[in-house]
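Heads up: the structure comes next, in structure tokens.
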Protein chains: 2
Amino acid sequence: MEKPLINKLAIIGVGLMGGSLALALREKGEVAEVVGIGRGLPNLEEAKALRIIDSYTQNIMEGVRGADVVIVATPVGSIVDIIAENQKHMKDGAIITDVGSVKGEIVEGVDRVLDDRLHFVGGHPIAGTEKSGASAAFPGLYRGSRCILTPTQKTDKAALDKVLRMWQAADADVIVMETKEHDKILAAISHLPHMVAYALVNTVDGVRDFEEGILKYSAGGFKDFTRIASSSPEMWRDICLMNRAAVIDMIDRFTAQLGDIRDMVEEGDNPGLLENFERSKQARDSL
Amino acid sequence: MEKPLINKLAIIGVGLMGGSLALALREKGEVAEVVGIGRGLPNLEEAKALRIIDSYTQNIMEGVRGADVVIVATPVGSIVDIIAENQKHMKDGAIITDVGSVKGEIVEGVDRVLDDRLHFVGGHPIAGTEKSGASAAFPGLYRGSRCILTPTQKTDKAALDKVLRMWQAADADVIVMETKEHDKILAAISHLPHMVAYALVNTVDGVRDFEEGILKYSAGGFKDFTRIASSSPEMWRDICLMNRAAVIDMIDRFTAQLGDIRDMVEEGDNPGLLENFERSKQARDSL
């Protein structure tokens, strides 16, 4: 049998993302041992019962000891601190990577604090379901989805290569780009839609012209459209505050686009509206 | 056997909406004869083959002759003209109703042109699927969904009652309200989300900072969120131009809400964003 890519893998945060990666790597025989690290004991116990991890601990310092690769799969706002506080317990040459939806602030933050004897590679697999926790993990989560890695000039080439091969082993389509590009793209395709969904629900819920609320009239279309407004408020607060400049830029671009539609409605610009909607439909249908 | 509610029903536009109503009424034995009227021969032939209608014609004047109830299930921009041009061929006391997503302009328009010997009741069943055409029709489309009727002071009480019982026979939850209220509610829960979706896709597709378009990075969430941007551009142009004032009002309310989020992101207003997103999630989860 070939030597696995990773001997000992430590996962901080054994949820949908970290758990699915562990399952994919185990399925391919690319990891020999997986240690799960987390705060909630029931979730860790379930992860072990599901054979996602071999062992677990609630103590990060203990869990990262001897790991070749450490995946930080915790909320974006906690990643830099977790690395800063626990790195002295990691072995020389250990590779740390993350799955956070924002890269600029995280990569810069880690670069500022990281020991020279360790390596960090920023990562973001663009995948997910509405479920969370270890029980939602499955080995095919990353199959065919994109995973963006954001090395800097300081990033060790061998470490980047190992993280890249790890995601390829999970069948992800790995793309390498700069943090700035990642953060702009994600602001557009993910962060802006969430802000829009939250604002839309609050707008409709805020219509108090009638005796009763009007949300009860909403049919399937509205429910589908606003599903992402059911996402975690804490998570999205952190993401948009950590990707502030790009999020504001996208909100401004969007507001201008919606303003164009508003003006055309006001002016009764029949051909203008038709062209606008047709262009949008064409782009949407191309997905 | 009891006498059916409607002896002869004429449906102008035998698509998902009109076809499903005919199927529901037939299933309940509440209609004796259904004539389908439309422009496309293949769709009419299919509607007959599917036993949605008993006979068909491409000539509206011919199709409405002798009908007790005429349903106008055509695009919102055509309803008033169709009634104006064909009413002289309808029998005395015939009841006309529609399924348009806008009520103010249609009800006022019909009121201006309608012969005294005929009755009109504005209607809007809030139902639909992504499919269209007679082949998509099914008798359960309206089951448990809301149907809004918008009579005016001039509306004949017996005609209103008959249209109400017709929708109840299709298992719809019928609600009577003023046109203005209908148009405000629909602007909020339906028209605004469509404008937002069109603007969102155009915004993201308009990001040309990189070599390639960025829509290809979008994952499932973005696709779900923007599904309604695949709706018919002609239909939505007509709807928003016919519900102009309410659509503009809702766009303005929404823009203010999104502006609040933008300001909180810029100011790093951690508790403000959390409260805003939590309020939105709570309203969305209540659906």
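For region A:57-89, give me each residue that is farther than 17 Å from A:Met166 by Cβ, aliphatic (A, V, I, L, M) and crowded, with 19+ Cβ neighbours inside 10 Å.
A:Ile60, A:Val76, A:Ile79, A:Val80, A:Ile82, A:Ile83 - these are the residues of region A:57-89 that are farther than 17 Å from A:Met166 by Cβ, aliphatic (A, V, I, L, M) and crowded, with 19+ Cβ neighbours inside 10 Å.
Of (1) more than 7 Å from chain A (Cβ to nearest Cβ); (2) within 20 Å of A:Asp173 (Cβ to Cβ); (3) modelled with pLDDT of 90 or more, B:Val204 satisfies all except one. Which?
(1)
Can you confirm whether region B:191-202 contains a residue that is farther than 22 Å from A:Ser218 by Cα and assigned to a loop (DSSP other than H, G, I, E, B)?
no
Note down all Cβ pairs under 9 Å where the first residue falls in region A:34-45 and is at pLDDT 95 or above, the second is among the acidic types (Asp, Glu) and not in a loop (DSSP other than H, G, I, E, B), and they're at least six residues apart or on different chains.
A:Val35/A:Glu62; A:Ile37/A:Glu62
For region B:144-164, name all the residues that are under 16 Å from B:Ile175 (Cβ atoms) and not hydroxyl-bearing (Ser, Thr, Tyr).
Within region B:144-164, B:Gly144, B:Arg146, B:Cys147, B:Ile148, B:Leu149, B:Pro151, B:Leu160, B:Asp161, B:Val163, B:Leu164 qualify.
Looking at A:Val176, is it at the interface with chain B (Cβ under 9 Å from one of its Cβ atoms) and of a type outside the set (Asp, Glu)?
no
For region A:178-200, how many residues are in contact with a Leu (Cβ under 8 Å, 6 or more places away or on another chain) and either in the same structural domain as A:Leu149 (by TED's automatic domain parsing) or free of Cβ contacts under 8 Å to residues at least 40 places away in the same chain (or both)?
The total comes to 4.
Working only within region B:109-155, note down all residues that are out of contact with any strand residue (DSSP E or B) (no Cβ under 7 Å at 6 or more places or on another chain) and part of a helix (DSSP H, G or I).
B:Gly109, B:Asp111, B:Arg112, B:Val113, B:Ala134, B:Ser135, B:Ala136
Select, from B:Asp98, B:Asp92, B:Asp54, the only residue that is in contact with a strand residue (DSSP E or B) (Cβ under 8 Å, 6 or more places away or on another chain), modelled with pLDDT of 95 or more and surrounded by fewer than 22 Cβ atoms within 10 Å (Cβ to Cβ).
Within the list B:Asp98, B:Asp92, B:Asp54, the selection yields B:Asp54.
Okay, residues lined up against (1) surrounded by 21 or more Cβ atoms within 10 Å (Cβ to Cβ); (2) at pLDDT below 90:
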{"residue": "A:Lys223", "(1), (2)": "no, yes"}
{"residue": "A:Val247", "(1), (2)": "yes, no"}
{"residue": "A:Ile251", "(1), (2)": "yes, no"}
{"residue": "A:Ile261", "(1), (2)": "yes, no"}
{"residue": "A:Arg279", "(1), (2)": "no, no"}
{"residue": "A:Ala283", "(1), (2)": "no, no"}
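On the basis of being at pLDDT 95 or above and out of contact with any strand residue (DSSP E or B) (no Cβ under 6 Å at 6 or more places or on another chain), does B:Gly66 make the cut? Steps first, answer last, please.
Values: at pLDDT 95 or above: yes; out of contact with any strand residue (DSSP E or B) (no Cβ under 6 Å at 6 or more places or on another chain): no.
Considered against the rule, which asks whether it is at pLDDT 95 or above and out of contact with any strand residue (DSSP E or B) (no Cβ under 6 Å at 6 or more places or on another chain), B:Gly66 comes out as no.
Tell me yes or no: at least one residue of region B:98-108 is under 24 Å from B:Val31 (Cβ atoms) and part of a helix (DSSP H, G or I).
Yes, the conditions are met somewhere in region B:98-108.
Tell me yes or no: at least one residue of region A:69-90 is in contact (Cβ under 8 Å) with a residue 60 or more places away in the chain, charged (D, E, K, R) and in the same structural domain as A:Gly18 (by TED's automatic domain parsing).
No, that holds for no residue.
Of the residues in region B:236-270, how many are over 24 Å from the mean Cα position of the chain (by Cα) and either part of a helix (DSSP H, G or I) or facing chain A (nearest Cβ under 7 Å) (or both)?
Restricting attention to region B:236-270, the residues satisfying the condition of being over 24 Å from the mean Cα position of the chain (by Cα) are B:255-270.
So of that shortlist, the ones also either part of a helix (DSSP H, G or I) or facing chain A (nearest Cβ under 7 Å) (or both) come out as B:255-268, B:270.
The number of residues fulfilling the criteria is 15.
Output the residues belonging to region A:216-251 that are of a type in the set (Ser, Thr, Tyr) and farther than 30 Å from B:Leu186 by Cβ.
A:Ser232
Given the criteria charged (D, E, K, R) and touching an Asp or Glu at 6+ places or on another chain (Cβ under 9 Å), does B:Asp260 qualify?
It is false that B:Asp260 is charged (D, E, K, R) and touching an Asp or Glu at 6+ places or on another chain (Cβ under 9 Å).
How many residues, within region A:209-235, are within 7 Å of chain B (Cβ to nearest Cβ) and not in a loop (DSSP other than H, G, I, E, B)?
13
Quick one: is A:Leu273 more than 17 Å from the chain's Cα centre (by Cα) and either more than 7 Å from chain B (Cβ to nearest Cβ) or farther than 20 Å from B:Trp236 by Cβ (or both)?
For A:Leu273, the condition - more than 17 Å from the chain's Cα centre (by Cα) and either more than 7 Å from chain B (Cβ to nearest Cβ) or farther than 20 Å from B:Trp236 by Cβ (or both) - is not met.
Just checking, does region B:254-268 include any residue being under 20 Å from B:Asp183 (Cβ atoms), in the same structural domain as B:His194 (by TED's automatic domain parsing) and free of Cβ contacts under 8 Å to residues at least 24 places away in the same chain?
Within region B:254-268 (the criterion being under 20 Å from B:Asp183 (Cβ atoms), in the same structural domain as B:His194 (by TED's automatic domain parsing) and free of Cβ contacts under 8 Å to residues at least 24 places away in the same chain), the answer is yes, since at least one residue qualifies.
The values are calculated or read from the model by the stated rules, or taken from the named source; none is laboratory data. Note that this is a predicted model, so its numbers are computed, not measured. Neighbour counts run over all protein chains shown; Cβ positions are idealised from the backbone, glycine included.
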